[in-house]
Amino acid sequence: MTKTTGIQWQAVVNGKAREIEVPPSRRLLDILREDLDLTGTKISCEIGRCGACMVLIDGEPMNSCLMMAYQCAGSEITTIEGLHGETAEELHPIQEAFLEEGGFQCGYCTPGMIISTKALLDRIPQPGEQEIKEGLCGNLCRCTGYGGIMRAVESAADKCAYRSLPSPVVGP
Ligand code: FES
Ligand code: FES
């Protein structure tokens with residue numbers, strides 16, 4: 001039987017340098033949830049269809065269920081736990097907007113939605129309806145019907161523009 005050799009996986013996760021030994025094909029999703037205890041990133045389809053596991057890798061939204069350890073070693077990774085407002089205790093304006101506009105019901109898709117919204121607003125600070133739909137096209141929600149999510153993204157765009165928070169805003 002062949003034994004898989006581990007790699008020394010290093011990355012900056014939510015602003016902190018992390019280093020662990022993992023098999024090269026270990027999924028980033030499992031590294032985050034099981035090795036680093038960052039369970040805000042959710043597991044659902046596990047085949048890149050739903051966006052529940054979305055994280056930012058070097059600022060780009062990626063499905064962590066499809067990302068192997070060797071593919072993201074050395075990257076800067078931001079998960080939902082890495083977003084906050086002006087202080088670590090405050091919500092990020094995107095999180096506030098989802099709360100205020102009812103952009104969730106069960107909440108299972110919400111971390112992925114918020115991460116995709118962050119990526120969208122970093123790229124297009126005031127997106128139109130079509131740009132919002134395209135920006136969130138990799139995220140599925142089984143509960144809300146998307147109306148609240150659309151309103152939340154529009155409201156988040158206004159809040160982020162108003163507050164001009166630096167990007168990305170990461171945790172301690
Ligand atoms: S769990 Fe990764 S895309 Fe669905
Ligand atoms: S709020 Fe339940 S899946 Fe979106």
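Anisotropy class assigned to the range 47-92 is oblate, per the alpha carbon gyration tensor with a/c at or over the 1.5 cut-off and a/b no larger than b/c. Kindly list the residues of the range 59-77 that lie in the label zone of residue 39, defined by a backbone N under 15 Å from the point 7 Å along the Cα-to-C-beta vector. Nothing falls inside the zone, counting backbone N under 15 Å.
Close amide H contacts of residue 7 (hydrogens built in the peptide plane, cut-off under 5 Å, sequence separation of 5 or more or a different chain): 22.
Dividing the helix sum by the residues of the chain, where each DSSP H run of 4 or more adds -39500 (n - 2.57), gives a mean residue ellipticity at 222 nm of -8500 deg cm²/dmol. With the simple spin-label model, which puts each label point 7 Å out from Cα in the Cβ direction, the residue 25 to residue 100 separation comes to 4.7 nm. Placing dummy labels 7 Å off each Cα toward the beta-carbon, the span from residue 8 to residue 47 is 3.8 nm. Put simply, the Cα atoms of the chain extend 54, 32, 24 Å along their principal axes, the longest span coming first.
A short reminder: the numbers here are calculations on the coordinates, not readings from a lab. Computed from a predicted structure; not experimentally measured. FYI the Cβ positions are ideal-geometry reconstructions off the backbone, even for glycines, and counts take in every protein chain you see.
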